[in-house]
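Nothing in this text is a laboratory measurement; each read-out follows from the coordinates by a stated rule. Note that the structure is a prediction, hence the values are computed from the model and not measured. Every residue, glycine among them, receives a Cβ derived from its backbone with ideal geometry; neighbour counts consider all protein chains shown.
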Ligand code: GBH
């Protein structure tokens, strides 16, 4: 009888314990990233530095474009002054220290280092500026992540045709050599390019700088030379620098998720074609098992070129040596992700005028119900982040990935709850991709530390964790609510459970 009672007590204890610990699990069910996961912020030289012609800096294609065509920027602004970050190294790094972040992704202005783009003349002040930044980061234990090229080609090289000229790859190698020789001791994480799709398609196929507006033609030439340049720099790094100075080299690609609009076979196929054109164009040659352009791009562009009367495909061919050089040219993938689109199959009749959109032949759109932001192209669709990451995992054998940009623009003001919600929901999606699906992601950078010059959208779109007052002579920076939120995330590695978790004074 006694035993029987003991047994009952025991069972009751086990049951109660279960209930209590379940309860604790609910309270502790915070979404947490592991200790090694790193949080950071991202910026780019032209968008924040200002000092466009100061102390020997040469002219870039964005200097030229905004000066020659002010009407191409929605608010007729330019980045001559921008956030004045050239003069605010200490102030900006202090903001990062307050955020408690582990890394800072910035870009180096080619024409600040080599004013005419060529390696025979190095601008010492350019080197001084980035050294000062690196010293300040080092003093504060923030790891630098440097992008060699974020859209700002020296204008002098544009006179030669810019990225449509194959020799650009050689000049990029020379520039990279100067950077590795000069900064290689301090910078251990390198990105060759930011978003080649964006600057080749919008710059050479469209009307962003340099504004070549030659879609289906110059965009492909640009892409071809950028891929060669990336491969060449990676091989040089591998052969000549890795042993000596160590470090990791990758490339940043932009991947908006592309979801089939319906379950029809045609739309499923169209979505996959779109992924190959928008992302695979640059990802397939570097990250896929076999390298080279995605087969669907190759076959569609070859066929269209032929129908249009070209003797050669508008999409250039790599030599087999180039395919091998570019294939596997990475230590990690830098991934930018902002939004998602739906895709339907297109039914375009092929016109005589070459065009990237015609070659791809799909229809891309966003749902009206998806929450809007202050960027026409950006709707809030957090689940697309997880899908994009999984597509990368499945197609490219789960490469080591650093999220080099994710962010959103909303109206001015400090109480930016919409931005907090955006970041929080995208981080939840990222967390699921890592912890439920096994995607290999090592860190996340928010775009951006500061409001800045958003290319042809000028200062009208504000992505900053900090608001910049462009009317004030000091270009005053003020943290938004999202800066407090992000501080809590960066310092704890966990997403806050409630508003109170990050609005106390940090
Ligand atoms: C990133 O690109 C860039 O790397 C970064 O410099 C930029 O500040 C950030 O986006 C936020 O804008 O205005 O309709 O012509 C993300 C990919 C490609 C998205 C160009 C916007 C222009 C669309 N971007 N695209 S539109």
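Compute the separation of the alpha-carbon centres of the range 190-233 and the range 244-305 and state it in Å as a whole number. Between the Cα centres of the range 190-233 and the range 244-305 lies a distance of 15 Å. Fewest-first ordering of 383, 163 by other beta carbons within 10 Å of each residue's beta carbon gives 383, 163. Rounded to the nearest 10 degrees, the inclination of helix 417-435 to the longest alpha-carbon principal axis of the chain is 80 degrees. If one takes the longest principal axis of the Cα atoms in the chain, at what angle in degrees, from 0 to 90 and to the nearest 10, does the Cα axis of helix 481-492 lie? The answer is roughly 70 degrees. Ordering 262, 182, 373, 319 by the number of other Cβ atoms within 10 Å of each residue's own Cβ, fewest first, gives 319, 262, 182, 373. For 380, 93, 233, 392, the sequence from fewest to most other C-beta atoms within 10 Å is 380, 93, 392, 233.
Based on DSSP H segments of at least four residues, each scored -39500 (n - 2.57), the chain has a per-residue ellipticity at 222 nm of -12000 deg cm²/dmol. Please give the helix 2-27 orientation as an angle from the longest Cα principal axis of the chain, in degrees from 0 to 90, rounded to the nearest 10. Tilt of helix 2-27: around 30 degrees.
Highest-first packing order for the peptide set 495-501, 74-80, 215-221 is 215-221, 74-80, 495-501, based on the mean count of other beta carbon atoms within 10 Å. Classify the range 95-173: rounded, prolate or oblate, from the alpha-carbon gyration tensor (a ≥ b ≥ c, eigenvalue square roots; a/c under 1.5 rounded; otherwise prolate if a/b is larger than b/c)? It is prolate, given that a/c is not under 1.5 and a/b is the larger ratio. Distance from the Cα centroid of the range 58-91 to that of the range 430-506 is 23 Å (rounded to whole angstrom). In this simple spin-label model, placing a label point 7 Å from the Cα along the Cα-to-Cβ direction at both residue 238 and residue 428 gives a separation of 4.2 nm.
The residue 442 and residue 372 beta-carbon pair, evaluated with R₀ = 22 Å, returns a calculated FRET efficiency of approximately 0.10.
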